[in-house]
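*Asks:* One structure, pasted below without further comment.
The values are calculated or read from the model by the stated rules, or taken from the named source; none is laboratory data. Bear in mind that the values here come from a model prediction, so they are computed numbers and not experimental data. Cβ: placed from backbone, ideal geometry, glycine included. Neighbour counts: every protein chain shown. Remember, those area values only see protein heavy atoms, side chains included, never the ligands or the DNA or RNA. Shrake-Rupley method; radii C 1.70, N 1.55, O 1.52, S 1.80 Å.
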Amino acid sequence: MAKASVISLVSLFICIFSSLSFAYASASASAPSPSPSSNQQMRFEVLGHVYCDTCRVEFETSISEPIPGATVKLECRNRTDEKITYQSPEITAGDKGNYKIQVTGDYEESDCDVMLVKSPRADCNDPTEEWRKARVVLTTLDGVSGEIRFANNLGFKKKEALPECTKVLTEMGYFELQKELGNEAA
C-alpha cells in the first residue's frame, strides 16, 4: 500500500511539472517577436578609446597615452556587395581619448568598423596598420542585447619609441617571447 501511495505521489508531481513546462513553453512561443520595422529604429552607442602607442608595438602598454581630440569614424559595409550602408560623421575624442558614436538602425547584414581618421598630435600621428579597425556588431538579432557596444581601442604610433619601452616590454614578457619565436614575434 505504501508503494502505491509513493508511486501515485510521484506520478502526480510528474503531471504537475509537465503541465507547468507546457504552459511556460506556450506562453514563450506566443510572446510577440520584434518586427523588422521596429529593428530599423534600434539605437546604439558605440564607445571606444584612442591612444598614443609610445612603444610602436600596436597595442597598449602601461606608458601609452590617451589622445584627446583624435578623430574617428564608423563605417558599415554590406557583406555581399561591399556597399556602404552607414557612415557616421567624424567624431572627436574627449579629454581622455574616449569617444561615443550614436547610431540609429539595425545593420545585421553589414560589417561595421570604427577607424582612425587623424591625430592632433604631431609627435604621435602615425596610424596603426589600416587593417587594424575596431569591429562592432550593430544588431540585436545575434543574441547580444542592449544598446551599448564597445569598440576595441585604436592607436596612433609615435615617430620613435620611448627609451623606457624596453623596460616596459621586458616586464610584459615581450622580449622573452621574441627570443623564443625569433622573427615570428616581431
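*Asks:* Within the stretch 80-131, can you find the residues that are part of a loop (DSSP other than H, G, I, E, B), β-branched (Val, Ile, Thr) and within 20 Å of the chain's Cα centre (by Cα)?
*Replies:* We begin by selecting, within the stretch 80-131, every residue part of a loop (DSSP other than H, G, I, E, B); these are 80-83, 88-90, 93-97, 105-109, 119-125, 128-131.
Cutting the leftovers down to β-branched (Val, Ile, Thr) gives us 80, 128.
Within the stretch 80-131, THR128 is the sole residue that qualifies.
*Asks:* I'd like to verify a number: residues in the stretch 132-158 that are touching a residue at least 40 places away in the same chain (Cβ under 8 Å) and either open to solvent by less than 50 Å² (accessible area, probe 1.4 Å) or not in a strand (DSSP E or B) (or both), how many? Don't jump to the end; show me each part of the working.
*Replies:* Going through the stretch 132-158, the residues touching a residue at least 40 places away in the same chain (Cβ under 8 Å) turn out to be 132, 134, 136, 138-141, 147-158.
Next, from what is left, pick out any that are either open to solvent by less than 50 Å² (accessible area, probe 1.4 Å) or not in a strand (DSSP E or B) (or both): 132, 134, 136, 138-141, 147, 149, 151-158.
Going through the stretch 132-158 one residue at a time, the tally reaches 17.
*Asks:* Moving to a separate point now. Since GLU60 meets every condition but one in (1) at pLDDT 95 or above; (2) open to solvent by 60 Å² or more (accessible area, probe 1.4 Å); (3) touching a Phe, Trp or Tyr at 6+ places or on another chain (Cβ under 6 Å), which condition does it not meet?
*Replies:* With respect to (1) at pLDDT 95 or above; (2) open to solvent by 60 Å² or more (accessible area, probe 1.4 Å); (3) touching a Phe, Trp or Tyr at 6+ places or on another chain (Cβ under 6 Å), GLU60 is out only on (1).
*Asks:* If PRO68 meets every condition in (1) open to solvent by 50 Å² or more (accessible area, probe 1.4 Å); (2) touching a His at 6+ places or on another chain (Cβ under 8 Å); (3) closer than 22 Å to LYS159 by Cα apart from one, which number is that one?
*Replies:* For PRO68, the failing item is (2).
*Asks:* Can you say whether ASP113 is touching a helix residue (DSSP H, G or I) at 6+ places or on another chain (Cβ under 8 Å), on the phi < 0 side of the Ramachandran plot and surrounded by 13 or more Cβ atoms within 10 Å (Cβ to Cβ), as far as the supplied structure shows? Steps first, please.
*Replies:* Details: touching a helix residue (DSSP H, G or I) at 6+ places or on another chain (Cβ under 8 Å): no; on the phi < 0 side of the Ramachandran plot: yes; surrounded by 13 or more Cβ atoms within 10 Å (Cβ to Cβ): yes.
No; evaluated as a whole, the condition is false for this residue.
*Asks:* Can you pull out every residue in the stretch 53-79 that is more than 22 Å from the chain's Cα centre (by Cα) and not in a loop (DSSP other than H, G, I, E, B)?
*Replies:* none
*Asks:* Just a yes or no: is a residue in the stretch 170-183 modelled with pLDDT of 90 or more, of a type in the set (S, T, N, Q) and open to solvent by 60 Å² or more (accessible area, probe 1.4 Å)?
*Replies:* The initial filter retains those residues of the stretch 170-183 that are modelled with pLDDT of 90 or more, namely none.
No, there is no match, as no residue in the stretch 170-183 is modelled with pLDDT of 90 or more, of a type in the set (S, T, N, Q) and open to solvent by 60 Å² or more (accessible area, probe 1.4 Å).
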